[in-house]
Amino acid sequence: QVQLVESGGDLVQSGGSLRLSCAASGLIAYTYGMGWARQAPGNERELVVNSSSTSGYIYYADSVKGRFAISRDNAKNTVYLQMNSLKPDDTGVYYCNLKGKLFGHYGPDFDVWGQGIQVTVTS
């Protein structure tokens, strides 16, 4: 019903920047939450950022505060993650998340994750 496609992942040197994009498609009436998570090999999946459209609250993990920023373009149905001052510890597969309603205000809720995209930061 709803699909998310991530793009913008790459190999970058320490100190560099990347911007990840997450394009949503489907019969989305509106969204009320968005975020990003990541997972490195052998590690637990880590929440990077989570936000609420209704309250305006944005949570960033301590490991990325001051370096990463989430944003969105409602007209394009796209969520972004700007990543600056990248470190090797930022290496991993990044997943985007979107929550909302399908069809209309009386439609079902959705909570969808993308397939993930690789980000590699070298020393």
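Yes or no: region 66-73 includes at least one residue that is of a type outside the set (Gly, Ala, Ser), loosely packed, with under 13 Cβ neighbours inside 10 Å and under 20 Å from Asp111 (Cα atoms).
yes
Within the option set Asp73, Asp90, being over 13 Å from Cys22 (Cβ atoms) and acidic (Asp, Glu) holds for one residue only, Asp90. Gly15 passes every criterion in (1) buried (at least 19 other Cβ atoms within 10 Å of the Cβ); (2) of a type outside the set (Val, Ile, Thr); (3) on the phi > 0 side of the Ramachandran plot apart from (1). Residue pairs whose Cβ atoms lie under 6 Å apart, separated by 6 or more positions or on different chains, with the first residue in region 67-87 and over 20 Å from Thr120 (Cα atoms) and the second open to solvent by 20 Å² or more (accessible area, probe 1.4 Å), are Ser71/Tyr80; Thr78/Ser21; Thr78/Ala23; Val79/Arg72. Of all residues in region 27-40, those satisfying the criterion of being over 15 Å from the mean Cα position of the chain (by Cα) and either within 17 Å of Ser63 (Cβ to Cβ) or open to solvent by less than 40 Å² (accessible area, probe 1.4 Å) (or both) are Ile28, Ala40. Residues in region 89-111 that are of a type outside the set (D, E, K, R) and surrounded by fewer than 17 Cβ atoms within 10 Å (Cβ to Cβ) were compared, and the one that is nearest to the chain's Cα centre (by Cα) is Leu102. Among the strands (runs of 3 or more DSSP E) confined to region 1-61, the ones with at least 2 residues that are in contact with a Phe, Trp or Tyr (Cβ under 8 Å, 6 or more places away or on another chain) and either more than 16 Å from Asp73 (Cα to Cα) or touching a residue at least 60 places away in the same chain (Cβ under 8 Å) (or both) are located at 2-7, 18-26, 28-39, 46-52. For region 68-92, the candidate set comprises residues that are in contact with a strand residue (DSSP E or B) (Cβ under 6 Å, 6 or more places away or on another chain) and among the polar types (S, T, N, Q); within that set, the residue that is farthest from Asn43 (Cα to Cα) is Asn77.
The values are calculated or read from the model by the stated rules, or taken from the named source; none is laboratory data. These numbers come from a predicted model, not from an experiment. Reconstructed Cβ throughout: ideal geometry from the backbone, glycine too, with neighbour counts over all protein chains shown. Surface areas here come from the heavy atoms of the whole protein model, side chains and all, with no ligands, DNA or RNA. Shrake-Rupley method; radii C 1.70, N 1.55, O 1.52, S 1.80 Å.
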